[in-house]
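One structure is given below, encoded as structure tokens.
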Amino acid sequence: MTDYSYRISRLQLELCSDGIDGALLAGTDQMLYLTGWKEGGAERFVGLFVPAEGEPIFLVPAMNAEQARGTPAAIQNVVGWDDADGWISPARGILCSWEAQRRILVDDELRSVHLIALQSLLPQTQFVPAGEIMCRLRERKTPDELRAMTCAANLIDEVFEEVVTQLVEGMTELELADLVLGAIRARGSTPSFTPLICFGPNAALPHHHTGVKALARGDIVIIDIGCTAESYASDITRTVSFGEPSDPDAAGIYDLVLTAHLAALSAVRPGATGEAVDAAARSVISEAGYGDQFLHRTGHGIGLSVHEPPNIVRGNTAPLTEGMCFSVEPGVYLTGRFGVRIENIVTVTATGGRSLNAEPGQTLRIVSAV
């Protein structure tokens, strides 16, 4: 699907342009983007060293060396380190082979213990977070990336439609999460994050931890789920009621959040800012008197990572450009009662915003409680 050598060469051009001598990417989605492979390594050091000029080098545990040699990027230089001798000496050799080590980009998610060790190796070197440059490379999706993301969006739409019909009184949030995971696996996919399932008052907690709450008639249900296609992520949130809602305000709050969602979508266009899209949603909710109950940003970027730039939030004044992808997910949360969140993934087109997901219900969906 992807010319990884082109991605690496683009990174090297950015390094040269910014006066950076090289980059170190950990076993994260940054490495996946550049090579088609990643390995977390846990406590073991895993790194892709990319000099501003020259060939990149993998430094990985010996047990992962064969995998590194077989990556889609076909990187020729792979150094495997063993547990007895450690990774410090070969890392020193790689870095000292670079012409200069004045400034080096470091993966934002590199373990602090590894960064501290590198700083002790090169005390005169300035280590700079890699996030800004990697964002430049990753935030505009190519047609192939958009195709993969659309596939992931379609899959998770199917999963939602399958599991929402399986709500039964007395089932727990964890049991519904298991149904979601099973439906994702049945489609040959993997979850992009742990399903977030909220029943009743738990729906008032934007980042509730899915638990043992049993489903009762009249509960508002939030289902926040995602899966992958070719490593690219999807992420949707749907809000339904199990039987007629027990709270008389539920349908009205759903209508309000949907109006805010559509207002944000209408504000998406090239040249608009993340701040402006956030404001479009937030103003609708604030004018209705629920501004203090909209507790989070309107959206986050998405691609290989579920959360990546651009953020759709007050203070982000960078212009949106064609090919960017992000969530639009306003919400209102009434403590101890219920919450409503509606989330689709949106891409910026030449003329506006296009949702990758099926449209959310135009009214609060009542799931039969039999």
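The values are calculated or read from the model by the stated rules, or taken from the named source; none is laboratory data. Nothing here was measured: the structure is a model prediction, and the numbers come from that model. Don't worry about glycine lacking a Cβ; one is built from the backbone with ideal geometry, like all the others, and counts go over all protein chains shown.
Of note, ILE156 does not satisfy the criterion of being outside any helix (DSSP H, G or I), in contact with an Asp or Glu (Cβ under 9 Å, 6 or more places away or on another chain), surrounded by 20 or more Cβ atoms within 10 Å (Cβ to Cβ) and among the aliphatic types (A, V, I, L, M).
Report yes if CYS227 is surrounded by 22 or more Cβ atoms within 10 Å (Cβ to Cβ), under 30 Å from ASP144 (Cβ atoms), of a type outside the set (Ser, Thr, Tyr) and touching a residue at least 40 places away in the same chain (Cβ under 8 Å), otherwise no.
Values: surrounded by 22 or more Cβ atoms within 10 Å (Cβ to Cβ): yes; under 30 Å from ASP144 (Cβ atoms): yes; of a type outside the set (Ser, Thr, Tyr): yes; touching a residue at least 40 places away in the same chain (Cβ under 8 Å): yes.
Answer is yes for this residue.
Pairs are defined by a Cβ separation below 6 Å, a sequence spacing of at least 6 or placement on different chains, a first member in region 255-272 that is in the same structural domain as ASN344 (by TED's automatic domain parsing) and farther than 17 Å from THR317 by Cα, and a second member that is surrounded by fewer than 21 Cβ atoms within 10 Å (Cβ to Cβ) and modelled with pLDDT of 95 or more; the pairs so defined are LEU256/ALA288. Taking the numbered list (1) in contact (Cβ under 8 Å) with a residue 40 or more places away in the chain; (2) within 29 Å of GLY27 (Cα to Cα) in turn, ARG297 passes all entries but (1).
Within region 60-97, being in contact with a Lys or Arg (Cβ under 7 Å, 6 or more places away or on another chain) and in contact (Cβ under 8 Å) with a residue 40 or more places away in the chain holds for no residue. Scanning region 36-49 for residues that are surrounded by fewer than 22 Cβ atoms within 10 Å (Cβ to Cβ) and either among the small types (Gly, Ala, Ser) or not in a loop (DSSP other than H, G, I, E, B) (or both) yields GLY36, GLY40, GLY41, ALA42.
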